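Worksheet for the structure shown next.
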Amino acid sequence: MREISDIDRMRSWRDGLWADCSVGLVPTMGHFHRGHLSLIRRARVENDQLAVSIFVNPIQFDQQEDYRKYPRDHQRDRQLAQREGVNALFTPDEAELYPSGYSSYVEVEGLTDCLCGAARPGHFRGVTTVVSKLFNILRPHRAYFGKKDYQQYRVIQRMTRDLNFDTQVVGCPTVREENGLAMSSRNQHLTPGQREAALALYRALQRGRRMIEQGRRDPAAIERAMRQLIDEQPQVQVDYLQVRDAVDLSHPGEVAGEALLAGAVYVSSTRLIDNVVVKI
Ligand code: AMP
């Protein structure tokens with residue numbers, strides 16, 4: 001495995017690959033868990049060469065504190081990447097991606113106005129900017145994103161289409177703990193009691209799913225029932241909990257087609273997100 005932290009060397013690695021070599025990319029912020037590994041494993045089998053990036057992207061954080069305390073464990077990540085057969089580990093620092101005088105950003109309109117986009121101003125602008133840069137540097141045939149960050153996956157898909165990147169965006173299922181809690185680097189911040197409390201989000205989404213499966217179609221009633229379950233858990237505060245159309249993320253008058261149930265909660269100061277997609 002090559003570990004590369006500068007852009008020119010990363011480009012040279014890419015340029016040196018044989019003509020019809022397929023390249024997969026898994027962009028990450030590190031501190032790998034089984035969610036990351038599921039993307040890496042899929043990308044490994046679907047491509048001749050696999051690049052994984054690790055970069056805690058400062059411009060996608062709306063809270064300095066969240067950025068500062070974001071968990072990092074480079075040694076362990078490097079070992080795991082090596083073991084999974086990653087060919088190139090791209091680990092730029094902030095000055096490499098955003099040198100002084102940096103002033104260009106990529107923004108997807110519409111899809112980013114709701115859910116995490118509304119709750120975290122500037123977040124998706126940071127995500128789409130860094131992913132565009134990675135796509136330009138690595139020119140991957142396929143890039144892998146987790147549906148745990150469902151809105152991010154849709155936003156990247158739209159950006160890729162709108163800006164004509166020659167990259168296929170592959171969405172991968174959410175990996176969960178045995179009890180259902182979605183794996184996240186931020187789970188690291190939770191005490192065992194808080195992890196238990198955090199399950200309220202998963203349970204609320206399952207309640208919403210069951211309601212739809214039982215024929216309920218009124219988004220407001222489903223949102224109320226989901227929220228009720230979380231309100232019973234004093235350690236968990238709802239940031240948002242909504243029913244949306246799973247394709248364009250619009251707020252449906254009535255649940256139809258593919259519905260996205262998406263939630264964000266705070267457990268103490270840790271923000272967690274999760275979602276389920278229900279096909280009718
Ligand atoms: P992150 O390092 O949190 O930015 O995540 C890097 C990639 O891994 C993103 O595409 C995430 O959506 C994906 N990911 C994070 N957690 C999970 C999970 N529990 N299941 C599947 N994919 C995940």
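The values are calculated or read from the model by the stated rules, or taken from the named source; none is laboratory data. Every value quoted in this text rests on a predicted model; they were computed, and no experiment measured them. No Cβ is skipped: glycine too gets one built from the backbone with ideal geometry, and neighbour counts run over all protein chains shown. Remember, those area values only see protein heavy atoms, side chains included, never the ligands or the DNA or RNA. Shrake-Rupley method; radii C 1.70, N 1.55, O 1.52, S 1.80 Å.
What is the distance, in nm, between label points placed 7 Å from the Cα along the Cα-to-Cβ direction at Gln228 and at Asp8?
Between Gln228 and Asp8, the label points sit 6.4 nm apart.
Just to be sure I follow: if Rg is taken over the C-alpha atoms of the chain and Rh is the Kirkwood radius over the same atoms, what is Rg/Rh? Could the numbers behind the result be given before it?
Values: Rg = 19.1 Å, Rh = 19.7 Å.
Here the Rg-to-Rh quotient is 0.97.
Using just the C-alpha positions of segment 34-117 as equal point scatterers, what log10 of I(q)/I(0) does the Debye formula give at each q in 0.14 1/Å?
Calculated log10 I(q)/I(0) at the listed q: -0.70.
Describe numerically, in nm with one decimal, the distance between label points set 7 Å from Cα along Cα→Cβ at Asp248 and at Ser100.
Each label point is offset 7 Å from its Cα along the Cβ direction, giving 4.7 nm.
Kindly state, to the nearest 0.05, the FRET efficiency for Tyr67 paired with Ser22, given R0 = 45 Å and r defined as their beta-carbon distance.
So, using R0 = 45 Å, E works out to roughly 0.85.
Ignoring ligands, DNA and RNA, what accessible area per residue does the chain give at 1.4 Å, in Å²?
47 Å²
Give, rounded to the nearest 20 debye, the magnitude of the charge dipole that the chain has about its Cα centre when Lys and Arg contribute +1 at Cβ and Asp and Glu contribute -1 at Cβ.
640 debye
Around Ile222, what is the net charge, scoring Lys/Arg as +1 and Asp/Glu as -1 over all other residues with Cβ under 13 Å from its Cβ?
+4
Take every DSSP beta bridge with both residues inside segment 110-260 and express the antiparallel ones as a percent of the total, to the nearest 5.
Percent antiparallel among DSSP bridges in segment 110-260 is about 40.
Can you tell me the length gained on complete extension of the stretch Glu109 to Ile280, counting 0.36 nm per residue apart and subtracting the Cα distance?
Fully extending the segment from Glu109 to Ile280 adds 58.8 nm.
Take the solvent-accessible surface of the protein heavy atoms, probe 1.4 Å, and return the percent of it on the chain that carbon and sulfur atoms account for.
43 percent
For Asn164 paired with Gln237, estimate the spin-label separation in nm (one decimal), with each label point 7 Å from Cα along the Cα-to-Cβ line.
According to this spin-label approximation, the distance is 4.7 nm.
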